[in-house]
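Below is one structure, written out as structure tokens; the observations come after it.
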Amino acid sequence: MHSTEINTNPAAKTLALFCKVVDNFGDIGICWRMARQLQQEHDIAVTLWVDDLRSFQRICPLVDADVEVQEIAGVTVRHWRDQQGSFTATDIADIVIEFFACNIPPGYIEAMAKCQPRPVWLNLEGLTAEEWVEGCHTLPSPHPSLPLTKHFFFPGFNNKTGGLLRETSLDSERTAFQSDAAAMEAFLRQLGLTEAEIHATRISLFCYPHAPVTDLLKVWQSADTPVTCLVPEGVAAEAIQTFLGQAAKAGASVSRGALTVRVLPFIPQADYDKLLWACDINFVRGEDSFVRAQWANKPFIWHIYPQDENLHHVKLNAFLKTTTSVTASLVALSHAWNGVSHPPLDWPDIWLAFQADLPEIARLSGNWQEKMHENGDMTSNLLKFVNSVRAASQKDAV
Ligand code: TRH
């Protein structure tokens, strides 16, 4: 065909995002944010395939865990079952994303190979600040037997990576909420906080079970000013139960010394963002709450997802080295919190040093956010890459 006769590849309009819930809520948390953003900001028809609708329902109560196909916030949600079998080329989306190398159904891959043009196939990887990611981001991986190429796409903290998930209106929504004291108080009251709890230093606590929670609770108990610790039900359950002297059920609240610990219900994802905006300090974990804490513009401490042979310590240090919103006291607290430094530790000292640096850390967080904005947001970066792959494959076809 003569090049002028070629029907230029129209923009990709449909996307299938495959999500296997390996553990907890981060996998579906990230995929759900991304699916909505693709639909709302880029007008892409998204089908989100999820193998565990019950986990999904925890962060998005609109999900019906017993339904095979449903539409939520403009996204088609499909229950992904192991036995998912045959597909034809017409079932295949323009863009196919497997989250975290989740092995999409073989029947789907076979149908992808029959499409013309072929879909753009990406493996969306996990977030790390380690340097090797820059060399692997967007690398192609040809299928061993089918005429298909998968590309790796890595989120990250600089413009040699895919950037971080961030919705266009997020900043303005957060700023509006944080500058509206009445809205913030109403939100906290709705979560069950009393006046006294609202007017204390508010700390949200989301971490894995092995975090040294008891050590910090002791420090806060002896603080000079009141502290409210807000912890979602099921998080650090043993330590919280011991502090409370009763079951750590949503709604439970006990004060000892300067500290009140309140157990919150697990709340919808959008409300969790607001909780981060409404607290003075946030303890976050994994990948998604870690990124959201960066957008909250408040000091945060990261409890990193544990890996064999302490690989997560390498990742933690890579981030602490990369971020510009860090002080020596924040590094010391992060190391103590993540088991990088070993007991005996002087927890009151570690906390007081961090506390003294809070204004500086808050100032640095703003600079860090601006720096991250320069990289663009991950969803837009991903679509730009998709378009470049489509353009290149069209050129090859000429
Ligand atoms: O739940 P996590 O521990 O998920 C983890 C990490 O993503 C980890 O990197 C990954 O390898 C592992 O899963 C498989 O933490 P994370 O990433 O912060 O995800 C929590 C999600 O839950 C996030 O989207 C926020 C949401 N959430 C709510 O919607 N409501 C709540 O009340 C809370 C506490 C969280």
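Angle of helix 311-322 to the longest C-alpha principal axis of the chain, folded into 0 to 90 degrees and rounded to 10: 90°. Seen from residue 19, the other residues with C-beta closer than 9 Å to its C-beta sum to a net charge of -3, counting Lys and Arg as +1 and Asp and Glu as -1. Taking the Cα centre of the range 170-373 as origin and assigning +1 to Lys and Arg Cβ atoms and -1 to Asp and Glu Cβ atoms, the resulting dipole is close to 80 debye. Averaging the sequence gap over all C-alpha pairs within less than 8 Å and six or more residues apart, then dividing by the number of residues, gives the range 170-373 a relative contact order of 18 percent.
Would you mind counting up the charge near residue 123? Only other residues with Cβ under 10 Å from its Cβ, with Lys and Arg at +1 and Asp and Glu at -1.
Values: positive: 150; negative: 98, 125.
Taking every other residue near residue 123 into account, the sum is -1.
Mind listing the long-range amide H neighbours of residue 44? Cut-off is under 5 Å, sequence gap 5 or more, other chains count too, H placed in the peptide plane at 1.01 Å from N. Amide H neighbours of residue 44, under 5 Å, 5+ apart: 39.
So what is the relative contact order of the range 297-370, in percent, for Cα pairs below 8 Å that sit 6 or more residues apart?
Values: 54 pairs, mean separation 34.4, N = 74.
The normalised contact order for the range 297-370 reaches 47 percent.
Residues whose amide H comes within less than 5 Å of that of residue 72, counting only those at least five positions distant or on another chain, are 77 (H built at 1.01 Å from N in the peptide plane). The stretch between residue 177 and residue 101, if pulled fully straight at 0.36 nm per residue, gains 23.7 nm over its current Cα-Cα span.
Would you tally the net charge around residue 352, using a Cβ to Cβ cut-off of less than 12 Å, leaving residue 352 out, and scoring K and R as +1, D and E as -1? Walk me through the intermediate numbers first.
Working: positive: none; negative: 224, 346, 349, 357.
Value of the local net charge: -4.
Under 19 Å from the Cα of residue 384, which aspartates and glutamates turn up, not counting those fewer than eight places away in the same chain? Answer for residue 384, where 19 Å is the Cα cut-off: 41, 43, 94, 98, 125, 134, 167, 374, 396, listed by chain and number. DSSP bridge analysis restricted to the range 170-373 gives an antiparallel fraction near 20%, rounded to the nearest 5.
In this model, which of 160/274; 114/150; 13/371 are farther than 24 Å apart at the alpha-carbon?
On the way: 160/274 30 Å; 114/150 15 Å; 13/371 31 Å.
Long pairs (Cα-Cα over 24 Å): 160/274; 13/371.
Protection proxy ranking of 27-35, 98-106, 329-337, by the mean of other Cβ atoms within 10 Å over each peptide's residues and highest first, is 27-35, 329-337, 98-106.
Sequence-distant contacts, meaning Cα pairs under 8 Å at least 6 residues apart, place the relative contact order of the chain at 14 percent. Backbone geometry of the range 343-348 corresponds, through the Karplus equation with coefficients 6.51, -1.76 and 1.60 at θ = phi - 60°, to 3J(HN,Hα) couplings of x, x, 10, 8, 4, x Hz, x marking Gly and Pro. In the chain, the calculated helix contribution to ellipticity at 222 nm averages -12000 deg cm²/dmol per residue, counting -39,500 (n - 2.57) for every DSSP H run with n ≥ 4. Between 156, 10, 209, whose Cα lies farthest towards the positive end of the dipole of the chain when Lys and Arg beta carbons carry +1 and Asp and Glu beta carbons carry -1, centred on the Cα centre? Going by the Cα projections, it comes out as 10.
Backbone phi angles across the range 123-132, fed through the Karplus curve with coefficients 6.51, -1.76 and 1.60 (θ = phi - 60°), yield HN-Hα couplings of 9, 8, 8, x, 8, 8, 8, 5, 5, 4 Hz in residue order; Gly and Pro are listed as x.
Cα extents for the chain along the principal axes, largest to smallest and rounded to whole angstrom: 79, 43, 42. Solvent-accessible surface of the range 170-373, averaged per residue with a 1.4 angstrom probe and all protein chains in place: 42 square angstrom. Summarising the amide proton neighbourhood of residue 150: residues at separation of 5 or more, or on other chains, whose placed amide H is nearer than 5 Å comprise 141, 143. Computed from the C-beta positions of residue 225 and residue 130 and an R0 of 41 Å, the FRET efficiency is 0.60 to the nearest 0.05.
Of the solvent-accessible surface of the chain, computed with a 1.4 Å probe over protein heavy atoms with every protein chain present, carbon and sulfur atoms account for 52 percent.
The values are calculated or read from the model by the stated rules, or taken from the named source; none is laboratory data. This is a predicted model, so every value here is computed, not measured. No Cβ is skipped: glycine too gets one built from the backbone with ideal geometry, and neighbour counts run over all protein chains shown. Surface accessibility is based on the protein's heavy atoms, side chains included, excluding ligands, DNA and RNA. Shrake-Rupley method; radii C 1.70, N 1.55, O 1.52, S 1.80 Å.
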